[in-house]
Amino acid sequence: MAGRLDGKVAMVVGAGSSGPGWGNGKAAAVLFAREGARLFCVDINPAAAEETVAIIRKEGGEAEAQQADASKAGEVAAMVARCLETYGRVDALENNVGILEVGGPVEASEESWDRVLDVNLKSMFLTCKHVLPVMERQGGGVIVNIASIAGIRDTGVPYISYSTSKGAVLPFTRSVALQYAKKGIRANAILPGLMNTPMIVEPLKDSYADGDVGEMIRLRDAQCPTGKMGDAWDVAHAALFLASDEARYITGTELIVDGGLTAKFS
């Protein structure tokens, strides 16, 4: 079903990867481009954004890179303005930027708490603040927010700021969806489970296996009912569906992509 996003402009915030391989945002940006969208790839790391753009252009797609810290209001306003200057519209916004820091309420510092909440939650507030008026003027649009099953279930690791921020994504998304439903704007959240992406390596390796990344991956695979973690492409395909017109009557919902992990404990 090629061309599911033909004629659309998609802004992916967090479109780079935090390490070698495929992160969720990088995979989503490339997949959206393969389905006909023109991409505006935002990342705090300009080299990561440019890498994603280079892949898209090599495959014959159209994309532009933008460096921005999505937790800073001025930088978000500037990136949306540049997207409009470049493409004239924003049809789909995927909020993928996120960080993870380990620690419970005693172990985590106040600075760590603020940093994770700013990056994981405040960034969505700021992007929606600036993109929703654009979508309203256009007469429609789609927002896909990446949450996590950590927001609704314990995953065995104490990371209170991460789980709190990801849990808060859900009422935030519902509120946007309901306020803007009559204006042709949809908003949904994706809840990935245990995923094998570059993001997990540094924050989690010591929590699982004393720094042994291979053993950490084995242990996380074993937690999953399928016997294996998902990857960035599993999240990207879910995002593609929600961003496409196939999901035109789906808004305010939560799509769990976790290989059955939450069902195991429900």
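If you take the Cα centroid of the stretch 191-266 and the Cα centroid of the stretch 127-181, the two points sit 17 Å apart.
Suppose only helical runs count, i.e. DSSP H with n ≥ 4. What mean residue ellipticity at 222 nm does that imply for the chain under -39500 (n - 2.57) per run, divided by all residues and rounded to the nearest 500 deg cm²/dmol? Taken over the chain, the calculation gives -14000 deg cm²/dmol. Under a 5 Å amide H cut-off, with hydrogens placed 1.01 Å from N, Ile99 pairs with Asn120 among residues at least 5 apart or on other chains.
Sites counted here are chymotrypsin sites (Phe, Trp or Tyr not before Pro) in a DSSP loop (not H, G, I, E or B) having no more than 14 other Cβ atoms within 10 Å; the longest part of the chain that contains none of them is 1-248.
Here the Karplus relation 6.51 cos²θ - 1.76 cosθ + 1.60, evaluated at θ = phi - 60°, turns the backbone of the stretch 130-145 into coupling constants of 8, 8, 4, x, 5, 5, 5, 5, 6, x, x, x, 9, 10, 10, 9 Hz, with x for every Gly and Pro. So for the chain, Kirkwood radius off the Cα pairs, Stokes-Einstein at 20 °C and 1.002 mPa s: how many µm² s⁻¹? My calculation gives 117 µm²/s for D.
Between Ile256 and Leu191, the built amide H atoms are under 5 Å apart, and every one of these is 5 or more places off in sequence or on another chain.
May I ask for the percentage of alpha-carbon pairs in the stretch 6-87 that lie more than 20 Å from each other? More than 20 Å apart: 23 percent of the Cα pairs in the stretch 6-87. Give the longest segment of the chain that steers clear of GluC sites (Glu not before Pro) in DSSP loops with at most 13 neighbouring Cβ atoms within 10 Å, not counting the sites themselves. Longest site-free region, per DSSP loop and neighbour criteria: 108-266.
Of all lysines in the structure, the ones whose alpha carbon falls short of 16 Å from that of Lys72, not counting any fewer than 8 places away in one chain, are Lys122, Lys129.
Rounded to the nearest angstrom and listed largest first, the equivalent-ellipsoid semi-axes of the stretch 185-228 from its Cα gyration tensor are 25, 14, 7. Relative to the longest principal axis of the Cα atoms of the chain, the long axis of helix 24-34 makes an angle of roughly 30 degrees. Taken one residue at a time, the phi angles of the stretch 228-241 give Karplus couplings (6.51, -1.76, 1.60, θ = phi - 60°) of 7, 5, x, 9, 4, 5, 5, 6, 4, 5, 5, 5, 4, 4 Hz. Gly and Pro are set to x. Restriction of the trypsin sites (Lys or Arg not before Pro) in the stretch 150-232 to DSSP coil positions whose beta-carbon has at most 14 other beta-carbons within 10 angstrom yields Lys228.
Annotation: aspartates and glutamates with alpha-carbon distance below 16 angstrom to Lys26 (same-chain offsets under eight excluded): Glu35, Asp43, Glu50, Glu51, Glu59, Glu62, Glu64, Glu94, Asp231, Asp234. Take every Cα pair under 8 Å whose residues are at least 6 apart in sequence, average their separation, divide by the length of the stretch 9-258, and the relative contact order is 21 percent.
Values quoted throughout were computed directly from the atomic coordinates according to the rules given, and no laboratory measurement underlies them. As the structure is a prediction and not an experimental result, all values here were calculated from the model. FYI the Cβ positions are ideal-geometry reconstructions off the backbone, even for glycines, and counts take in every protein chain you see.
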